[in-house]
Every structure is written in C-alpha cells, then in structure tokens.
Amino acid sequence: MILDVNVLIYAIDADSLHHTKCANWLTTQLNSATRTGLPMQTITAFMRITTNPRIFPTPLGFAQARDIVDGWLQLPGVWIPQPSLETWENFREISGKTELTSKLIPDAMLAALSKTYGVPVVSADQDFARFPGISWVNPLD
C-alpha cells in the first residue's frame, strides 16, 4: 500500500479528531508484514505541512519532522515507491476519466503511482473514490 500524507499527519497530531484511529492504524501497519510505501510526494508534503505554523497548529521543527520520517524509513517494510513512465501513463488515463481540478492533481498522481505498483492508496480523503479502477483504503472506516 501507498500512504497519503493525511494519514501520517493525523497519526502524529494528538490534537486531531482522527489521531487515535490513524495512530493505531499506522502502528499496526508498520509492524505488519505488509509493505508500506511512502512516496517522496507524501514525505515532502508531511515535512511542508508539519513544519508550517500557518498550517499545522503546533508545528514541528525541521529536524524533528525529518527524524520522524527517518524512523519510518528505517523500518523493514517501509519503501519509497518511484514513479516511472508507466505512472505518467496511468495519470493520463485517470485524468481522462476524471475531471481534475488543481486540488485533485496530487491525489491523481498518488492514485497513478498506486496503480503502477498494483497496491491500494491509503487515505482519509474521500476524493480517491472519484478515481475509477483505483483500490483505496480509508483508515477511518
């Protein structure tokens, strides 16, 4: 599976309404035999959001956010899925079937990456339901 940034943010933000559910889900997932993909897109979004005081209520310092990511990447089942030409072709296919606005472009690219690897996207974002042929798991369900 490939994770969207909202799952990671909810998991570390103790003030979030979704914190407990996502933190428990993520802990279980990271300790399971199932591989967990953290695309660079997700990692950089996590760093950008969690360190920004205008977005994140209690921002992390850069080193703290980086250390959290380092901790995840050191786990045996965590990997960084790489996009390819096939990912771009999947993105073109998705964009041909779904009217994309600027807000949906990163989600569509994440969906395309998940299709490239044949794994589900894990996200609390309902927008993934718009993308036909994409397997999507909502950890809040």
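Quick notes
- Under 5 Å from the amide H of T36 lie the amide H atoms of V78, W79, each residue being 5 or more positions distant or on a separate chain, with H modelled from the backbone and absent for Pro and chain starts.
- Our coupling estimate for region 47-55, obtained by passing each phi through the Karplus curve with A = 6.51, B = -1.76, C = 1.60 and θ = phi - 60°, is 5, 5, 6, 6, 9, 9, x, 7, 10 Hz, Gly and Pro reported as x.
- Panel order for S102, S123, by other beta carbons found within 10 Å of each beta carbon, from fewest to most: S102, S123.
- Inter-label distance for W79 and M40, nm, one decimal - labels placed 7 Å from Cα along Cα-to-Cβ: 1.7
- Relative contact order, percent, the chain [alpha-carbon distance under 8 Å, six or more residues apart]: 27
- Electrostatic dipole magnitude of the chain [Cβ: Lys, Arg +1; Asp, Glu -1; Cα centre; debye, to 20]: 80
- Mean residue ellipticity (222 nm) of the chain, computed from DSSP H runs ≥ 4 via -39,500 (n - 2.57), nearest 500: -15000 deg cm²/dmol
- Each Cα pair under 8 Å and six or more residues apart adds its separation to the average, and for region 2-79 the resulting relative contact order is 30 percent.
- Restricting region 38-141 to trypsin sites (Lys or Arg not before Pro) that sit in a DSSP loop and have at most 10 other Cβ atoms within 10 Å of their own Cβ leaves R54.
- With R₀ set to 30 Å, the beta-carbon distance separating I55 from T20 gives a calculated FRET efficiency near 0.90.
- Pairwise FRET efficiency - R66 versus K103, Cβ, R0 = 35 Å, nearest 0.05: 0.85
- Shown here for region 42-125: GluC sites (Glu not before Pro) in loop regions (DSSP other than H, G, I, E, B) with at most 16 other Cβ atoms within 10 Å, namely E99.
- Taking Lys and Arg as +1 and Asp and Glu as -1, the other residues whose beta-carbon sits under 12 Å from that of T116 total -2.
Bear in mind that the values in this text are calculations on the coordinates, not laboratory data. Just so it is clear, the model here is predicted, and its values are computed rather than measured. A quick note on method: Cβ atoms are made from the backbone with ideal geometry, for glycine too, and the neighbour counts reach across all protein chains shown.
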